[in-house]
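S.K.: So that we are looking at the same thing, I have put the structure below in structure tokens.
The values are calculated or read from the model by the stated rules, or taken from the named source; none is laboratory data. What you are looking at is a predicted structure, and each value in this text was computed from that prediction instead of being measured. All Cβ positions, glycine included, derive from the backbone under ideal geometry; neighbour counts span all protein chains shown.
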Amino acid sequence: MQAIAVVGYKKSGKTTLALELAEALKKLGLSVTLVKHSHHGFDEKAETDTARFRASADMVMGFSPGGSFVSWPGERALADLIPLVNTDFLVLEGGKTLGVMPRIIIAEDEATAADLDPELALAVYGDHALGELMATRDVAGLARIAKSGGFLLPGLDCGACGRQDCRGLAVDIVAGEATVEDCKALSGSLRINVGGKPLPLNPFVERILKSGIKGMLSELKGFGPGAVDIHLE
């Protein structure tokens, strides 16, 4: 799955751009998930049934012919929500501190851009280029840039790629000095897919699982050298 964040300060137009970007990506033939990050919670009228459910339970779900939802109290990490995503592309509104994906920043000056981690930026939405970052208000063009350069790292910060954390690898990917395949948690010798989605494994966990599986299989008749393929339904 590919991903990109739309990052800017309050009232900068993040929501509008995220919505327009999602529509432009859909026109490129991609299915899209929109995710919003907020430091202030989500407003909901107190008299609605959903609000009353949320006030009375630890977790709320809803389903209907028109759609379904899951609501938890408190903040969940983006990694906890990713298993629910089944689209080609994820557009995140906000998430200034997340270093697991590239971003489009909304900034009209160098000072504002500097606070939005421009090392992770693929482009600027606006009228003024910032350093080597191109600036444009062409949303269709931004969608093509996102499709070409969007990615999502697991956020394990395991350091196996040789960087201090996932942000370090993300910066190098944006700069063209690395690729997602350099993430060892996604490209180790043990690869697990759950529901069609790769399950990231840091090298320590990978070694434990490989040793345990091979140790158990070695006790079975017929076990011998070679690659091991296991399929679970």
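S.K.: Condition (residue is of a type in the set (Val, Ile, Thr), touching an Asp or Glu at 6+ places or on another chain (Cβ under 9 Å), in a helix (DSSP H, G or I) and free of Cβ contacts under 8 Å to residues at least 40 places away in the same chain) applied to region 46-67: is it met by at least one residue?
M.R.: Here is the first cut: in region 46-67, the ones of a type in the set (Val, Ile, Thr) are 48, 50, 60.
Then drop every residue that is not touching an Asp or Glu at 6+ places or on another chain (Cβ under 9 Å), which leaves 50.
Going one step further and asking which of them are in a helix (DSSP H, G or I), we end up with 50.
Restricting the remaining residues to those that are free of Cβ contacts under 8 Å to residues at least 40 places away in the same chain gives 50.
Yes, there is a match, as at least one residue in region 46-67 is of a type in the set (Val, Ile, Thr), touching an Asp or Glu at 6+ places or on another chain (Cβ under 9 Å), in a helix (DSSP H, G or I) and free of Cβ contacts under 8 Å to residues at least 40 places away in the same chain.
S.K.: Also, quick follow-up: Has region 169-192 got at least one residue that is outside the structural domain of residue 13 (by TED's automatic domain parsing), buried (at least 17 other Cβ atoms within 10 Å of the Cβ) and without any contact (Cβ under 8 Å) to a residue 12 or more places away in the chain?
M.R.: Yes - at least one qualifying residue is present in region 169-192.
S.K.: Among the residues of region 89-101, is any of a type in the set (S, T, N, Q), over 20 Å from residue 26 (Cβ atoms) and not assigned by TED's automatic domain parsing to the domain that holds residue 179? Show your work before the answer.
M.R.: Residues of region 89-101 that are of a type in the set (S, T, N, Q), as a first pass: 97.
Remaining after also requiring over 20 Å from residue 26 (Cβ atoms): 97.
Right, trim to not assigned by TED's automatic domain parsing to the domain that holds residue 179 and you get 97.
Scanning region 89-101, I find at least one residue that is of a type in the set (S, T, N, Q), over 20 Å from residue 26 (Cβ atoms) and not assigned by TED's automatic domain parsing to the domain that holds residue 179, so the answer is yes.
Each row is one residue, and each column tells you yes or no for (1) at positive phi; (2) in contact with a helix residue (DSSP H, G or I) (Cβ under 9 Å, 6 or more places away or on another chain); (3) at pLDDT 90 or above.
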position	(1), (2), (3)
134	no, yes, no
139	no, yes, yes
168	no, no, yes
176	yes, no, yes
187	no, yes, no
193	no, no, no
212	no, no, yes
220	no, no, yes
226	yes, no, no
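S.K.: For region 87-121, give me each residue that is assigned to a strand (DSSP E or B) and either among the aromatic types (Phe, Trp, Tyr) or surrounded by fewer than 20 Cβ atoms within 10 Å (Cβ to Cβ) (or both).
M.R.: Going residue by residue through region 87-121, those that are assigned to a strand (DSSP E or B) are 89-93, 103-105, 121.
Answer for region 87-121, where residues must be assigned to a strand (DSSP E or B) and either among the aromatic types (Phe, Trp, Tyr) or surrounded by fewer than 20 Cβ atoms within 10 Å (Cβ to Cβ) (or both): just 89.
S.K.: Give the number of residues within region 7-29 that are part of a loop (DSSP other than H, G, I, E, B) and either surrounded by fewer than 19 Cβ atoms within 10 Å (Cβ to Cβ) or without any contact (Cβ under 8 Å) to a residue 60 or more places away in the chain (or both). Steps first, please.
M.R.: At the first step, the residues of region 7-29 found to be part of a loop (DSSP other than H, G, I, E, B) are 8-13, 28-29.
Pick out the ones that are also either surrounded by fewer than 19 Cβ atoms within 10 Å (Cβ to Cβ) or without any contact (Cβ under 8 Å) to a residue 60 or more places away in the chain (or both) and you get 9-11, 13, 28-29.
The number of residues fulfilling the criteria is 6.
S.K.: Something else: Name the single residue that is nearest to residue 1 (Cα to Cα) among those in region 88-114 being modelled with pLDDT of 90 or more and acidic (Asp, Glu).
M.R.: 88
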